[in-house]
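Have a look at the structure below before the remarks.
The values are calculated or read from the model by the stated rules, or taken from the named source; none is laboratory data. Only a predicted model underlies this, so the values are computations on that prediction, with no experimental measurement involved. Using ideal geometry, Cβ is built from the backbone for each residue, glycine included, and neighbour counts are taken over all protein chains shown.
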């Protein structure tokens, strides 16, 4: 199911959020997307090394491990995250598939999801962003989160950090913007309010759910939740957290 499309003429993204392309995202990203009317794929910003763009954690019998996609990141300060290429000289895909199989073959929903990963890792991906987006679309479909995705690179906007986010909100006529928790460190809240855009800062309470391999470990990839909990995953992601009804009530009180 392709979720990328432009907003129709005069359509307003009342609640907007965004995030850089990340590999096998954590649960908090899906909570943030589920609260929004539209989600911007932030593929037109500088690539950051040792970030979540090309890596995340799964849980094995020996504890959490990193799954890292090798990339060609030379001169990365001059490159946008959407232009970063995968280093397919290294056999990373085979290793990731084996790690997932080894870690989750005994999970309740292994057979439901394994074929997707097998198909993904049998393809050769040129761009990291394309790999991440393909996976995100699948995860959103499985979670039944139907939120349109807009590529930042298609908007041709200017600005850095907080100014770029604000310009994006203005361009898409958003009245509210959901920052991740770290947004408090860089968002110019006064400028947002003055521009008629209300900033909201996500506070995600990580749920506890059944996991294989011993004591519960938080902040893993969405793959861990899906393999273990299957169709209950969406409700688990949202449990103990603000939902769409809550955020709409909260925003309407501030009208």
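Just one residue in the set 23, 47 is modelled with pLDDT under 95 and touching a helix residue (DSSP H, G or I) at 6+ places or on another chain (Cβ under 7 Å); that residue is 47.
Check region 210-223 and report whether any residue there is in a helix (DSSP H, G or I) and at negative phi. Within region 210-223 (the criterion being in a helix (DSSP H, G or I) and at negative phi), the answer is yes, since at least one residue qualifies.
Within region 171-179, the presence of a residue that is assigned to a helix (DSSP H, G or I) and within 16 Å of the chain's Cα centre (by Cα) is excluded. Select from region 63-101 the residues that are free of Cβ contacts under 8 Å to residues at least 60 places away in the same chain, assigned to a helix (DSSP H, G or I) and closer than 16 Å to residue 121 by Cβ and list them in ascending order. 92, 93, 94, 95, 96, 97, 98, 99, 101 - these are the residues of region 63-101 that are free of Cβ contacts under 8 Å to residues at least 60 places away in the same chain, assigned to a helix (DSSP H, G or I) and closer than 16 Å to residue 121 by Cβ.
Yes/no matrix, rows are residues, columns are (1) out of contact with any strand residue (DSSP E or B) (no Cβ under 7 Å at 6 or more places or on another chain); (2) loosely packed, with under 15 Cβ neighbours inside 10 Å; (3) touching a residue at least 60 places away in the same chain (Cβ under 8 Å); (4) on the phi < 0 side of the Ramachandran plot:
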site	(1), (2), (3), (4)
128	no, no, yes, yes
131	no, no, yes, yes
138	yes, no, no, yes
147	no, no, yes, yes
152	no, no, yes, yes
160	yes, yes, no, yes
168	no, no, yes, yes
178	no, no, yes, yes
195	yes, yes, no, yes
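Scanning region 42-82 for residues that are more than 17 Å from the chain's Cα centre (by Cα) and under 17 Å from residue 134 (Cβ atoms) returns a single hit, 71.
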